[in-house]
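Trainee: Below are the structure tokens for one structure; questions will follow.
Only the coordinates and a few stated rules stand behind these numbers; no lab work does. No experiment lies behind these values; they were computed from the predicted model shown. Every residue, glycine among them, receives a Cβ derived from its backbone with ideal geometry; neighbour counts consider all protein chains shown.
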Amino acid sequence: MAEYSAFSLLANALKGNKDWKPAWRKPDPKASYDVIIIGGGGHGLATAYYLAKEHGITNVAVLEKGWLGSGNVGRNTTAVRSNYLLPANTRFYEHSMKMWEGLSHELNYNVMFSQRGCLNLAHTPAQFDDYARRGNAMRHLGVDAELMTPAQIKRLIPALDISSDARFPVVGGLMQRRAGTARHDAVAWGYARGADRRGVDIIENCEVTGFLRDGDRVTGVTTSRGDIRARKVAVAVAGSTGRVMRLAGIETMPIESHVLQAFVTESLKPFIDTVVTFGMGHFYMSQSDKGGLVYGGDIDGYNSYAQRGNLPIVDEVMSEMLALFPGLARVRMLRSWGGVCDMSMDGSPIITTGPLPGMYLNCGWCYGGFKATPASGWTFAWTIAKDEPHDFNAPFTLDRFHRGLVIDDKGQGANPRLH
Amino acid sequence: MLITCPYCGPRDVIEFTYQGDGNRERPDPASQNFEAWNAYVYDRLNPAGDHNEIWQHSGGCRAHLRVVRNTLTHEISSVAFASGDHGSTARRKAEDKP
């Protein structure tokens, strides 16, 4: 029977909620595993879950240097969408979207996936044409997309300034209705519980300090809690990819680490029931179920491993918010935070075998790691189990730059701060 | 974050544009060394600590600067003109200022 059900809620409520089991155990690390996953964030936990569920590989450890979900899975703005232009991205993120649609049921854990839609605003006729092109590309691959007029947009988001004397008048938008938001912590906890119940050891406060090697081959890791051997070592550490790969002797990667800030206001009454993005700069906003407006903009734009931001971007994001919603000028910002993204050279992720024998690498998510969580875990588990990529992640190799097969959705070239 | 431009003095980071990793070495334009070009375009050191980078004082004197900045703390330990020759002359000028 499902662990969380109407019956179990009632039964536990009547017994004073004393009989709930912890969602995951706190095991000590064993001497060896079939697979070690470095990184207890969304992608690492999802990978462990699908390794156990889809491939029957349950002798798995997830090593997390802090506490579970303390990195990017708890630091993002929770948007989920699959509105990409290039086929490799569209297929991958649409697979992820389909997984999101069944995720609460799959995990028996309410990830609060809310398909409230994601609307990209266009502010020039050329930009509107570009969105039409992207919408057509999406529909060719079976993904929902619709163009909206300013009048339709005003009905959807009454607070939006669509007047012709707005600083950047709205000329239309591209809407993906199936897009939306999810409760980011619940995604981590749901995957953690699912993996734990299938036998995966989730080991927190266990920092990887080096790799065990047999010649070129990676045979395990050294950690703050001792050496752990494994047949396969998978790395899913988001913004720390550069640091962890250096421990394996890999000095350069097609990645730069940049900090991305996000913000939340005090709680408001229902104000906006979709995700909206500003096409004239870089701004995105939605309202959380608790009432706070959750929003963000550009990365700070220079290499950084500091999980905090600088004021110029705060200023820029606030300006963009007020350009769209002048009515928010007196709403107070409650808090801000920063997460470290590994910005890749083409804006697309890397999910691959290697780069060393016995190693598997999942990185380069730029802004987009959260929405990718289910498909990232699912394809990475496939890659680890079978030593080859699934069709969905076959284009996302590490050597695609070398081979001239970049997946540059924004057409910005090898310039991480612009993706 | 303040960057001390050798010509203009300490200025807010908003006056500057990040031009990226200063460790990269552009191969000779005539070079057909594929590996060297590939490394120049795509490979990054991305250190957690001191990072050698290029900034332009785009909202000021427009000089290109070589900055050493700690990527964990944002602490800047050195700023110099990116072009050595021009840098030495201009730095003297800056020092001459009262």
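Trainee: Could you list which residues have their amide H under 5 Å from that of A:Gly172, counting only those 5 or more apart in sequence or on another chain, with H placed in the peptide plane?
Mentor: A:Ala122
Trainee: On a 0 to 90 degree scale, rounded to 10, what angle separates helix A:125-140 from the longest Cα axis of chain A?
Mentor: 40 degrees
Trainee: Return one number: the angle in degrees, 0 to 90 and rounded to the nearest 10, between the long axis of the Cα atoms of helix A:42-55 and the longest principal axis of the Cα atoms of chain A.
Mentor: Result, in degrees: 60.
Trainee: Could you list A:Asp161, A:Asp19 in order of exposure, starting from the residue whose Cβ has the fewest other Cβ atoms within 10 Å?
Mentor: On the way: A:Asp161 18, A:Asp19 9.
Going from sparsest to densest Cβ surroundings: A:Asp19, A:Asp161.
Trainee: Can you give the FRET efficiency for A:Thr149 and A:Asp391, using 1/(1 + (r/R0)^6), R0 = 41 Å, r = Cβ-Cβ distance, to the nearest 0.05?
Mentor: Working: r = 37 Å, r/R0 = 0.91.
The pair A:Thr149/A:Asp391 has a calculated efficiency of 0.65.
Trainee: Then there is this: Lone cysteines in the protein assembly as shown, defined as no other cysteine's Cβ under 4.7 Å from theirs: which are they?
Mentor: A:Cys118, A:Cys206, A:Cys341, A:Cys363, A:Cys366, B:Cys61
Trainee: Now a separate question. In percent, what relative contact order does the stretch B:2-81 have, based on Cα pairs under 8 Å that are 6 or more apart in sequence? Walk me through the intermediate numbers first.
Mentor: Values: 134 pairs, mean separation 24.6, N = 80.
Computed over the stretch B:2-81, the figure is 31 percent.
Trainee: Stretch A:Ile250-A:Arg217 to full length: gain in nm at 0.36 nm per residue minus the Cα-Cα span? Numbers along the way, then the final one.
Mentor: On the way: separation 33, 0.36 × 33 = 11.88 nm, distance 1.33 nm.
Here the answer is 10.6 nm.
Trainee: On a 0 to 90 degree scale, rounded to 10, what angle separates helix A:184-197 from the longest Cα axis of chain A?
Mentor: Helix A:184-197 and the main axis of chain A meet at about 20 degrees.
Trainee: Run through the stretch A:328-369 and list the trypsin sites (Lys or Arg not before Pro) located in a DSSP loop whose Cβ has at most 13 other Cβ atoms within 10 Å. All intermediate terms of the calculation are to be shown ahead of the outcome.
Mentor: Working: sites: A:Arg330, A:Arg332, A:Arg335; in loops: A:Arg330, A:Arg332.
Listed in order of number, the matching sites are A:Arg330, A:Arg332.
Trainee: Hey, if you drop one equal point scatterer on each alpha-carbon of the stretch A:92-216 and run the Debye formula without solvent, what base-10 log of I(q)/I(0) do you get at q = 0.14, 0.23 Å⁻¹?
Mentor: -0.79, -1.27
Trainee: Next question. Note down the Stokes-Einstein diffusion coefficient of the stretch A:255-344 in µm²/s, whole number, using a Kirkwood radius over alpha carbon pairs, 37 °C, and 0.692 mPa s.
Mentor: D, rounded to a whole number, is 243 µm²/s.
Trainee: Expressed as a fraction of 2.2 N^0.38 Å, the rule-of-thumb size for a compact globular protein of N residues, what is the C-alpha radius of gyration of the stretch A:1-116?
Mentor: Working: Rg = 17.1 Å, N = 116, 2.2 N^0.38 = 13.4 Å.
Working it through for the stretch A:1-116, the quotient is 1.28.
Trainee: Residue by residue through the stretch B:51-56, what is 3J(HN,Hα) from phi via Karplus (6.51 cos²θ - 1.76 cosθ + 1.60, θ = phi - 60°)? Round to whole Hz and write x for glycine and proline.
Mentor: Per-residue couplings from phi come out as 10, 8, 9, 10, 10, 10 Hz.
Trainee: Using a 7 Å offset from the Cα along the Cα-to-Cβ direction at both A:Thr209 and A:Arg243, what is the distance between the two label points in nm, to one decimal?
Mentor: Distance between label points: 1.5 nm.
Trainee: Which value, in debye to the nearest 20, describes the size of the charge dipole of chain A about its Cα centre when Lys and Arg Cβ atoms bear +1, Asp and Glu Cβ atoms bear -1, and nothing else is charged?
Mentor: Working: 45 positive and 41 negative charges, 185 e Å.
Computed about the Cα centre, the dipole is about 880 debye.
Trainee: Okay, next question. Report the extension gain between A:Leu322 and A:His282 in nm, rounded to one decimal, defined as 0.36 nm multiplied by the number of residues separating them, less their alpha carbon distance.
Mentor: Numbers: separation 40, 0.36 × 40 = 14.40 nm, distance 1.29 nm.
Answer, rounded to one decimal: 13.1 nm.
Trainee: Now a separate question. Label points 7 Å out from Cα along the Cβ direction at A:Trp67 and B:Ala80: separation in nm?
Mentor: Going by the 7 Å Cα→Cβ label model, 4.6 nm.
Trainee: Further question: Among A:Ile407, A:Ile313, A:Ile37, what is the fewest-to-most ranking by other Cβ atoms within 10 Å?
Mentor: A:Ile407, A:Ile313, A:Ile37
Trainee: Over chain A, what is the relative contact order in percent, taking alpha-carbon pairs closer than 8 angstrom and at least six residues apart? Spell out each step's value before the answer.
Mentor: Details: 956 pairs, mean separation 90.6, N = 419.
Once normalised by length, the contact order is 22 percent.
Trainee: Let me ask another. Quick one: compute the contact order of the stretch A:255-344, relative version, from alpha carbon pairs under 8 angstrom and 6+ residues apart, as a percent. Display every interim value, and only then the final one.
Mentor: On the way: 181 pairs, mean separation 40.0, N = 90.
Reported relative contact order: 44 percent.
Trainee: If the chain between A:Asp273 and A:Asn17 were fully stretched, how many nm would it gain, using 0.36 nm times the residue separation less the Cα-Cα distance?
Mentor: 88.8 nm
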